[in-house]
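A short worksheet on the structure shown next.
The values are calculated or read from the model by the stated rules, or taken from the named source; none is laboratory data. Everything numeric here is computed off the predicted structure, so don't read it as measured data. Neighbour counts run over all protein chains shown; Cβ positions are idealised from the backbone, glycine included.
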Amino acid sequence: MDGVAVVPAAPVAIRNNDVEHEYRQDSDFYYLTGFDEPQSVLILSTAHPDHRAVLFVRPRDPEREVWDGARAGVEGAKERCGVDATFPIAELKNKLHEYLAGARNLYYELGKRRGMDSRVLSAIAKARGKGRSPKPWPTVIRHPESLWHEMRLVKDADELAHMRKAADISGEAHLGAMRLAHPGRYEYEIEAHFREVFRKNGSERPAYAPIVGSGPNATVLHYNTNRRRLEDGELLLIDAGCEFGYYASDLTRTFPVNGRFSAPQRQIYEIVLEAQLRAIEEAKPGSTIDRIHEAALRCLVEGMLRIGLLRGEVDKVIEDESYRRYYMHRTSHWLGMDVHDVGAYFVDGAPRALAPNMVLTVEPGIYVAKDDDQAAPEYRGIGVRIEDDVLITETGHEVLTRSVPKAADEVERACGS
């Protein structure tokens, strides 16, 4: 099928006034190029007679490079990326239509960047030439999910090496946090520990804003203010993972601030752990993310009924979704260059079958709000999530984040070591 792909780099985002946010390249662009400079556009073509891969990039600018650092420039980008041709980014406006001419299919993520959308649509109109061009022009715009997002879903050996390294670095940080946390410290001190361990081990950045939730903050799914003082007798939920070489890890552990679970904390913790272990058993070729979720959900519901957090019959609670008071998210998502990575969850309307070299998270939890008057007082304010990164193998699975203990007794020992 003839086609052209247009893949823009991530734009620079302004933090305030003339200060920029830390730059992070667009994952699709980096996956296809390995090039991390902004103001760049990649074109891939089956229609052009000579140029199958073309980059438009920033030219060298000695004056700006004094301020912002060295640029590859037009020639440097060609040498570094091995493309057929490179041009200054300013020429994209006048050349884009030339690469669209001759192709019926355009692979482009329409609606993501409005300024680029306008440029692409104008180039299509120019390639069409009022219908008088002898060459075909794009009449179909396809989302990249049908092409390189499918490629990204299945990892090769180099990608898995980066993901294992990210998992190892994150594991080291979590083990250190178990030793570091104690009553009187602050959540931001624990966050600072994670950022230090990530950077000193060569990680470029956290894969997402670290969640360090103590006490009732552990019941807030995406809490990341990280300001509260750690108190004796509470749990600390840490959801933090780093990137390494643009590949993410995503790891959560929950442990007692004082090193010992109370009886109600241990009850909830062991329900979540059992649910996670059952779910991980379902992580194998031919299974689905839906089956993983169903295994975790049934176990969570059984446990919450057993301790009185929920009432009724298992199947009825699952059917009417009353469990969502305490478990309101899914159990898994794809993991890769993005922490919530690309790749279709359904194929032809059915849940996608898992295959070797896919990576996903398994992360059940129970969250009882501090002011939940339907829960017994001893459970209020307890939040527990346990999350691991799981690689699907030829015969089953490999837990990439297995270095961090999660059995309750092992967690207590790690906290006291």
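Residue count for segment 60-113, restricted to those that are part of a helix (DSSP H, G or I) and charged (D, E, K, R): 12.
The residues listed here are 371, 409, 388; of these, the one that is in a strand (DSSP E or B) and out of contact with any Leu (no Cβ under 6 Å at 6 or more places or on another chain) is 388. When segment 366-402 is limited to residues that are farther than 29 Å from residue 291 by Cα and touching a Gly at 6+ places or on another chain (Cβ under 9 Å), the one that is surrounded by the fewest Cβ atoms within 10 Å (Cβ to Cβ) turns out to be 371.
Being free of Cβ contacts under 8 Å to residues at least 24 places away in the same chain and surrounded by 13 or more Cβ atoms within 10 Å (Cβ to Cβ) is the filter here, so list the residues in segment 341-365 that pass it. Lay out the reasoning, then the answer.
The first filter runs over segment 341-365 and keeps only residues free of Cβ contacts under 8 Å to residues at least 24 places away in the same chain, leaving 346-350.
Result: no residue meets the conditions.
So for segment 322-339 (the condition being surrounded by 16 or more Cβ atoms within 10 Å (Cβ to Cβ), of a type in the set (Asp, Glu) and part of a helix (DSSP H, G or I)), does at least one residue qualify? No, segment 322-339 has no match at all.
The residues listed here are 166, 181, 161; of these, the one that is more than 30 Å from residue 259 (Cβ to Cβ) and of a type outside the set (Phe, Trp, Tyr) is 161. Every test in (1) in a loop (DSSP other than H, G, I, E, B); (2) in contact (Cβ under 8 Å) with a residue 60 or more places away in the chain; (3) surrounded by 14 or more Cβ atoms within 10 Å (Cβ to Cβ); (4) of a type in the set (Asp, Glu) is passed by residue 22 save one, and that test is (3). Spot the failing condition for residue 226; the list is (1) buried (at least 17 other Cβ atoms within 10 Å of the Cβ); (2) at pLDDT 95 or above; (3) in a helix (DSSP H, G or I), and only one is missed. With respect to (1) buried (at least 17 other Cβ atoms within 10 Å of the Cβ); (2) at pLDDT 95 or above; (3) in a helix (DSSP H, G or I), residue 226 is out only on (3).
Of all the residues that make up segment 166-191, how many are in contact with a strand residue (DSSP E or B) (Cβ under 8 Å, 6 or more places away or on another chain), surrounded by 19 or more Cβ atoms within 10 Å (Cβ to Cβ) and either of a type in the set (Gly, Ala, Ser) or within 26 Å of residue 245 (Cβ to Cβ) (or both)?
Here is the first cut: in segment 166-191, the ones in contact with a strand residue (DSSP E or B) (Cβ under 8 Å, 6 or more places away or on another chain) are 166-167, 169-170, 173-174, 177-178, 181, 184-188, 190-191.
Narrowing the set further to residues that are surrounded by 19 or more Cβ atoms within 10 Å (Cβ to Cβ) leaves 166-167, 169-170, 173-174, 177-178, 181, 187, 190-191.
From what is left, the residues that are either of a type in the set (Gly, Ala, Ser) or within 26 Å of residue 245 (Cβ to Cβ) (or both) are 166-167, 169-170, 173-174, 177, 181, 190-191.
Number satisfying all stated conditions: 10.
Here's the yes/no breakdown for (1) modelled with pLDDT of 95 or more; (2) among the charged types (D, E, K, R); (3) more than 30 Å from residue 152 (Cβ to Cβ):
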position: 239; (1), (2), (3): yes, yes, no
position: 244; (1), (2), (3): yes, no, no
position: 250; (1), (2), (3): yes, yes, no
position: 255; (1), (2), (3): yes, no, yes
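Among 50, 28, which is among the charged types (D, E, K, R) and either free of Cβ contacts under 8 Å to residues at least 60 places away in the same chain or assigned to a strand (DSSP E or B) (or both)? Of the residues listed, the single one that is among the charged types (D, E, K, R) and either free of Cβ contacts under 8 Å to residues at least 60 places away in the same chain or assigned to a strand (DSSP E or B) (or both) is 50. Exactly one residue out of 295, 275 is free of Cβ contacts under 8 Å to residues at least 60 places away in the same chain and at negative phi, and it is 295. Taking segment 62-95 as the region of interest, how many residues are in contact with a Lys or Arg (Cβ under 7 Å, 6 or more places away or on another chain), within 15 Å of residue 38 (Cβ to Cβ) and among the charged types (D, E, K, R)? Qualifying residue count for the region: 2.
Yes/no per residue for (1) modelled with pLDDT of 90 or more; (2) more than 30 Å from residue 357 (Cα to Cα):
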site	(1), (2)
107	yes, no
122	yes, yes
130	no, yes
149	yes, no
152	yes, no
